[in-house]
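Since the structure comes first, as structure tokens, the remarks are kept for the end.
The values are calculated or read from the model by the stated rules, or taken from the named source; none is laboratory data. Keep in mind that this is a model prediction, so the values were computed, not measured. Every residue, glycine among them, receives a Cβ derived from its backbone with ideal geometry; neighbour counts consider all protein chains shown.
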Amino acid sequence: MALTMQRVRPLIGLAGMIVLAMGNELNETVSDAAIGDVSGGLGFSHDPGTWYQSLYTSAEICGMAFAPWCEETFSIYRFAMFVAAFGVLPAVCVPFTHILSLLYIERWLQGLDTGFTVPMVMAIALRTLPPPIRLWGLACYAMTATFYPNLNFAFAALWTDLVGWQFAFYQSVPFAVIAAVLMWYGMPRDPMELHRFNDFNWVGVLLVVVGVSSGATVLEQGDRLDWFNSPLICVLSVLSVSALPLFIINEILHPMPLLDFRLLRRRNFAYGVVTLNLFVIVSQCSTTLPMLYLQGAMGFRPEQAQIVVTEIACLQFVFLPVMALVLNQPWVDARLVLGTGICLVIAACIGESFVTVHWYRDQFYLWQALQGMAEAMIVVPLVMMATNDLTPADGPFASGLVNAPRATGAAIGAWLIDLVHRWRGGLHSNRLA
């Protein structure tokens, strides 16, 4: 009995980490999906709302870069418990904040907290799960890329149309409490390694904050501020282009890096990181555009439109464990599964490109179903191939390298959507004129 509990406890700790990641991811995506109701409730207009979103993105990427060092220094258990408590305060305070500068600070802290959380899911899975069941844990990690983001409009519809927009923030509190209880019981207690402060990478911290914050702001605000016609965008672009290469060089040479770029020498890991980044860009565009069409062109409320995205989330809940089961079979080639998933994504994107003014929800169901199956067939093989050669000691740094580019890919996806909208809108305006 004692041996059984010893084996089960790490799984309970991983479950707590997954619950915490779910709460934080939903806090991000749901509040973004409900930005109209949130901005109306808090009394700010469209332009401050864009800063409300871009500050979160830049803080999230910074948090993903800092998380590996914090896990190693304070122990993953203590750091996870801190993160669970750290995110509650701003989530509770945001609905009562009507001072814009204070709201920005709270939103930045929320982004930092989410950035701390997501890499720990992969790190704890790589550390605690033995190879026979590790892929199941990585499938749970894949939910942070495919399952949680596609629940955002369903939750946004629930809170804004039926309950109250404040719950877009309050919802993270019960998730944090449940996660803290599970992590307290199940996560391993490692000693702290405070001696790592002696070689703390101050230069890396400065470069990543400057480079990431500038780059994310350029992507999020560039289209609104007319790109290089804006002095702010020009300055931030120079800072980002200068700081990010210096950050990479500093991390390669530093004895205690924030992100260990030397892991990219492993071909499979580098391939997984790059391809996952590209997949996030494509999936964001293909899953967000149907909602934008239904809400913008058809005038649907989130409650009416959310089903086309919730369909993808439901399929993820089914297909992610199925993919873990299939890929655990020795005769299955992960590359073929990945290739099939890519073909399904292409088919879904081509099918949805034939949208006309006569399309409603029904016309999206088939293509969204293909998208839902394809996302599971892409993410799980990618994560498996990227982590096959990693040891538990590589877990924190590998998770940081996987997740920081992934968050950057989300910002690039949002930028591409805005850019294409502006280009096509300008084309149609010129033709009408």
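Below is a table of values for the structure above.
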{"read-out": "So G372, is it at pLDDT below 75 and crowded, with 20+ Cβ neighbours inside 10 Å", "value": "no"}
{"read-out": "Unmet requirement for L151, which otherwise passes all of (1) touching a Lys or Arg at 6+ places or on another chain (Cβ under 7 Å); (2) under 23 Å from V379 (Cβ atoms)", "value": "(1)"}
{"read-out": "Check on L206, part of a loop (DSSP other than H, G, I, E, B) and not charged (D, E, K, R)", "value": "no"}
{"read-out": "Among (1) part of a helix (DSSP H, G or I); (2) at positive phi, the one test that V282 misses", "value": "(2)"}
{"read-out": "Qualifying positions in segment 130-158 - among the hydrophobic types (A, V, I, L, M, F, W, C) and over 21 Å from the mean Cα position of the chain (by Cα)", "value": "I133, L158"}
{"read-out": "Odd one out for I248, checked against (1) at pLDDT 80 or above; (2) more than 27 Å from L207 (Cβ to Cβ); (3) part of a helix (DSSP H, G or I)", "value": "(2)"}
{"read-out": "Q316 being assigned to a helix (DSSP H, G or I) and in the same structural domain as M122 (by TED's automatic domain parsing)", "value": "yes"}
{"read-out": "Subset of segment 57-83 (residues that are more than 14 Å from V205 (Cβ to Cβ) and more than 17 Å from the chain's Cα centre (by Cα))", "value": "E71, E72, F74, S75, I76, Y77, R78, F79, A80, M81, F82"}
{"read-out": "Residue match in segment 326-337 (condition: at pLDDT 80 or above and of a type in the set (D, E))", "value": "yes"}
{"read-out": "Number of the exception - V163 against (1) without any contact (Cβ under 8 Å) to a residue 24 or more places away in the chain; (2) more than 28 Å from V309 (Cα to Cα); (3) of a type in the set (A, V, I, L, M)", "value": "(2)"}
{"read-out": "Some residue of segment 231-238 being closer than 24 Å to R422 by Cβ and touching a Leu at 6+ places or on another chain (Cβ under 9 Å)", "value": "yes"}
{"read-out": "When residues of segment 73-99 are limited to those that are part of a helix (DSSP H, G or I) and hydroxyl-bearing (S, T, Y), the one surrounded by the fewest Cβ atoms within 10 Å (Cβ to Cβ)", "value": "T73"}
{"read-out": "Count of segment 376-425 residues which are touching a Cys at 6+ places or on another chain (Cβ under 7 Å) and among the β-branched types (V, I, T)", "value": "1"}
{"read-out": "Where a residue in segment 417-433 is assigned to a helix (DSSP H, G or I) and its partner, wherever it lies, is β-branched (V, I, T), with Cβ under 8 Å and at least six apart", "value": "I417/T288"}
{"read-out": "Complete set of residues in segment 105-129 that are of a type in the set (S, T, N, Q) and under 12 Å from P396 (Cα atoms)", "value": "T117"}
{"read-out": "Hey, V38 among the hydrophobic types (A, V, I, L, M, F, W, C), crowded, with 23+ Cβ neighbours inside 10 Å, touching a helix residue (DSSP H, G or I) at 6+ places or on another chain (Cβ under 8 Å) and modelled with pLDDT under 80 or not", "value": "yes"}
{"read-out": "Residue in segment 331-343 that is in a helix (DSSP H, G or I), of a type in the set (G, A, S) and in contact (Cβ under 8 Å) with a residue 60 or more places away in the chain present", "value": "no"}
{"read-out": "Every pair of residues 6+ apart whose Cβ atoms lie under 6 Å, when the first sits in segment 368-395 and is on the phi > 0 side of the Ramachandran plot while the second is crowded, with 24+ Cβ neighbours inside 10 Å and modelled with pLDDT of 80 or more", "value": "none"}
{"read-out": "Qualifying positions in segment 171-209 - of a type outside the set (G, A, S), within 24 Å of the chain's Cα centre (by Cα) and crowded, with 19+ Cβ neighbours inside 10 Å", "value": "Q171, F175, L182, M183, M187, L207, V208"}
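Residues checked against (1) within 19 Å of G400 (Cβ to Cβ); (2) small (G, A, S):
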{"residue": "V218", "(1), (2)": "no, no"}
{"residue": "R224", "(1), (2)": "no, no"}
{"residue": "V235", "(1), (2)": "no, no"}
{"residue": "H254", "(1), (2)": "yes, no"}
{"residue": "R265", "(1), (2)": "yes, no"}
{"residue": "A270", "(1), (2)": "yes, yes"}
{"residue": "V274", "(1), (2)": "yes, no"}
{"residue": "I281", "(1), (2)": "no, no"}
{"residue": "T288", "(1), (2)": "no, no"}
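Here is a yes/no grid of residues against (1) touching a His at 6+ places or on another chain (Cβ under 8 Å); (2) surrounded by fewer than 21 Cβ atoms within 10 Å (Cβ to Cβ); (3) touching a residue at least 40 places away in the same chain (Cβ under 8 Å):
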| position | (1), (2), (3) |
| --- | --- |
| N229 | no, yes, no |
| L232 | no, yes, no |
| L239 | no, yes, no |
| P255 | no, yes, yes |
| D260 | no, yes, yes |
| M298 | no, yes, yes |
| P302 | no, no, yes |
| I312 | no, no, yes |
| P321 | no, yes, yes |
